[in-house]
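Asker: Let me begin by handing over the structure; questions about it come next.
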Amino acid sequence: MEIFNIGPWELLLILVLALIVFGPEGMVKFSRDAAHFIRKLVRSPLWRDLVSTSEELKTIPQQIIKETQLEESMREISHLSNTISQSISSDLSETINLDDKLQDAEDKNDSHHPSD
């Protein structure tokens, strides 16, 4: 599990480095100060605006698709693609059948008229 793209091993490395830099007593004070700062930040209007803006940015691509009716166009293109594929497949099968019939006719013709 990753938090802020920091995995468990990276987090452990950060904690060990912080313990080395701040020492055991400094770690407690630093942790308390960091928690106070984070709590204050999360409760601030700036944080709420940031979260709100982030949510709006996540919905922009979907809004663009809806407003430009791109979704319907994509469905139409998919339908046309399927129709063309079926038509090509049908034509190809018909061509193969005609080729087989022509080959059979040539074989019959060769059997009725033996070569010299």
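The values are calculated or read from the model by the stated rules, or taken from the named source; none is laboratory data. Keep in mind it's a predicted model, so treat the numbers as computed, not measured. All Cβ positions, even for glycine, are placed from backbone atoms using ideal geometry, and neighbour counts span all protein chains on display.
Asker: Does any residue of segment 73-86 turn out to be surrounded by 10 or more Cβ atoms within 10 Å (Cβ to Cβ) and not in a helix (DSSP H, G or I)?
Answerer: There is no residue in segment 73-86 that is surrounded by 10 or more Cβ atoms within 10 Å (Cβ to Cβ) and not in a helix (DSSP H, G or I).
Asker: Also: In the list ASP116, ASP110, ASP49, ASP91, which residue meets the criterion of being of a type outside the set (Ser, Thr, Tyr), farther than 28 Å from LEU15 by Cβ, modelled with pLDDT under 85 and assigned to a helix (DSSP H, G or I)? Break it down stepwise before answering.
Answerer: Working: ASP116 fails: assigned to a helix (DSSP H, G or I); ASP49 fails: modelled with pLDDT under 85; ASP91 fails: modelled with pLDDT under 85.
Sole residue among the options that is of a type outside the set (Ser, Thr, Tyr), farther than 28 Å from LEU15 by Cβ, modelled with pLDDT under 85 and assigned to a helix (DSSP H, G or I): ASP110.
Asker: Can you work out which of the residues in segment 23-62 that are farther than 30 Å from MET74 by Cβ and basic (Lys, Arg) is nearest to the chain's Cα centre (by Cα)?
Answerer: Step by step, filter segment 23-62, then rank; the result is ARG48.
One line per residue, one yes/no per condition, for (1) out of contact with any Lys or Arg (no Cβ under 9 Å at 6 or more places or on another chain); (2) surrounded by 11 or more Cβ atoms within 10 Å (Cβ to Cβ); (3) at pLDDT below 85:
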position: MET1; (1), (2), (3): yes, no, yes
position: ILE6; (1), (2), (3): yes, yes, yes
position: GLU10; (1), (2), (3): yes, yes, no
position: LEU13; (1), (2), (3): yes, yes, no
position: LEU19; (1), (2), (3): yes, yes, no
position: PHE22; (1), (2), (3): no, yes, no
